[in-house]
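> Before I ask anything, here is the structure I am working with.
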Amino acid sequence: MPWTLVALAARTGRAVGGRRAFVSQVATRRADALVAAAPDHPDVFARVCARRLEAASPADRKALEAALSELGNDAPVVERAIASGAPLDAVAMLAAAWSSLDRHSKALVRDPLTRRDPGPVTWGGATATQVSPTTCGAASMAMMLMMGDPLVALWVATGRRSGAYMPPEVLHAEVRTQALHTVAERWDALQLGIHDEVTRRGLGLAPWPRAYGTPPWRVNNETRFAGLRFRGALVDDSRADEVAALATHARAALADGIPVPLYVSGDSARGLDAVVPRHVVLLVGVDGDGFLVYEPSSGAVHRHEFVVSGSKAAALGNWNRLAWAVLPRAKR
């Protein structure tokens, strides 16, 4: 059977007695339980927002609750802003500016994907594609960031800042690229700024070669989403139990409102340069037995079902093997 480098690494670890907690029955049962309980429990944004409100001073709590009330049915936008860790004045400015936004900008901030079915992700005349052949990881991280932080999405949509506060990724984008007049220009700059950051210390203190894209371990520790921490999970997709475990953990994350970055590759049948993780997509939803996948080279959402050693698929950027998933760390 054709092999991948990640599958070989997973098999080697298993052969020497390495602990594969990701595939264990305890871990997968816990994930199944989270999926089953999700409809009756608040998602990650609601929980983090509630904790921040509880920890706030009475005056700050009153101001945050006023911001939530001001947006009415769009209160989840403010909830996400609070969960992102934004300061009070930035949250208040977002709420105050909301009524002045046009419907296209509001739609982008509410849900940067703008859809939960297969098709292109478009913002006016812009399509949410990766800016270069090496920024698939940065594009997936940028999409996930916008889904988690409406202040970043607001900047992409309009160029507006929330007062003196600027999300760090927006700061990096503006420092890197000065003239940003359109949604497409800001989306591209956001990717490039993220790509700069994840490659800067990709090898400890040394930079990662940008031509090789985004190192998986940097996605683990640079992804910013609702204050969560993330971990990488190697996937041997020649084994049905590992493919099933990946699907289970991904469903649990998505049920909690957390997208899942996923590295994919080719295999030895396509040559040695294909056996390493080559492309990054983002799992953004569940659709029956499959997943909805944002694929940055096409700038579209595709439907895909995980299978053992599958054939190439548009949802995977025309690669065919699963390699590495970035999942939220369980709290101890």
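The values are calculated or read from the model by the stated rules, or taken from the named source; none is laboratory data. Note that the coordinates shown come from a computational prediction; the quantities given were computed from them, not determined experimentally. No Cβ is skipped: glycine too gets one built from the backbone with ideal geometry, and neighbour counts run over all protein chains shown.
> Does the stretch 249-296 hold any residues that are touching a Cys at 6+ places or on another chain (Cβ under 9 Å) and either within 18 Å of Asn220 (Cβ to Cβ) or of a type in the set (Lys, Arg) (or both), and which are they?
Once the filter is applied, which keeps residues that are touching a Cys at 6+ places or on another chain (Cβ under 9 Å) and either within 18 Å of Asn220 (Cβ to Cβ) or of a type in the set (Lys, Arg) (or both), the stretch 249-296 yields Arg278, His279, Val280, Val281.
> When you scan the stretch 145-163, do you find a residue that is part of a loop (DSSP other than H, G, I, E, B) and free of Cβ contacts under 8 Å to residues at least 40 places away in the same chain, even just one?
Looking for residues that are part of a loop (DSSP other than H, G, I, E, B) and free of Cβ contacts under 8 Å to residues at least 40 places away in the same chain, one finds at least one in the stretch 145-163, hence yes.
> Pairs, please: C-beta under 8 Å, at least 6 apart or cross-chain, first residue part of a helix (DSSP H, G or I) and in the stretch 35-55, second among the acidic types (Asp, Glu)?
Qualifying pairs under 8 Å: Ala38/Asp256; Val44/Asp256; Phe45/Glu79; Ala46/Glu79; Cys49/Glu79; Leu53/Glu65.
> Continuing with the same structure: May I ask you to list pairs of residues, at least six apart or on different chains, whose Cβ atoms are under 7 Å apart, with the first in the stretch 256-276 being on the phi > 0 side of the Ramachandran plot and the second being surrounded by fewer than 23 Cβ atoms within 10 Å (Cβ to Cβ) and acidic (Asp, Glu)?
Note: pairs meeting the criteria are Gly257/Asp43.
> Which condition number in (1) modelled with pLDDT under 90; (2) closer than 14 Å to Ala31 by Cα is the one that Gly271 fails?
(2)
> In the stretch 307-327, what residues are in contact with a helix residue (DSSP H, G or I) (Cβ under 6 Å, 6 or more places away or on another chain), surrounded by 19 or more Cβ atoms within 10 Å (Cβ to Cβ) and of a type outside the set (Gly, Ala, Ser)?
Trp324, Val326, Leu327
> Let me ask something additional. Mind listing just one residue for me: the one in the stretch 113-137 that is assigned to a strand (DSSP E or B) and in contact with a strand residue (DSSP E or B) (Cβ under 8 Å, 6 or more places away or on another chain) and, of those, surrounded by the fewest Cβ atoms within 10 Å (Cβ to Cβ)?
My answer is Gly119.
> Here is a further query. Can you report the number of residues in the stretch 98-152 which are touching a Leu at 6+ places or on another chain (Cβ under 7 Å) and among the basic types (Lys, Arg)?
The qualifying residues number 1.
> With the requirement that a residue be touching an Asp or Glu at 6+ places or on another chain (Cβ under 7 Å) and either of a type in the set (Lys, Arg) or over 26 Å from Ala247 (Cα atoms) (or both), what does the stretch 31-52 give you?
Cys49
> Something else: Got at least one residue in the stretch 65-74 being surrounded by 13 or more Cβ atoms within 10 Å (Cβ to Cβ) and touching a residue at least 40 places away in the same chain (Cβ under 8 Å)?
No: the stretch 65-74 contains no residue that is surrounded by 13 or more Cβ atoms within 10 Å (Cβ to Cβ) and touching a residue at least 40 places away in the same chain (Cβ under 8 Å).
> If you go through the stretch 292-323 one residue at a time, how many are part of a strand (DSSP E or B) and over 14 Å from the mean Cα position of the chain (by Cα)?
Number of matching residues: 9.
> Could you grab me the full set of residues in the stretch 247-286 that are more than 18 Å from the chain's Cα centre (by Cα) and either surrounded by fewer than 20 Cβ atoms within 10 Å (Cβ to Cβ) or in a strand (DSSP E or B) (or both)? Steps first, answer last, please.
Narrowing the stretch 247-286 to residues more than 18 Å from the chain's Cα centre (by Cα): 265-276.
Of everything in the stretch 247-286, those that are more than 18 Å from the chain's Cα centre (by Cα) and either surrounded by fewer than 20 Cβ atoms within 10 Å (Cβ to Cβ) or in a strand (DSSP E or B) (or both) turn out to be Ser265, Ser268, Ala269, Arg270, Gly271, Leu272, Asp273, Ala274, Val276.
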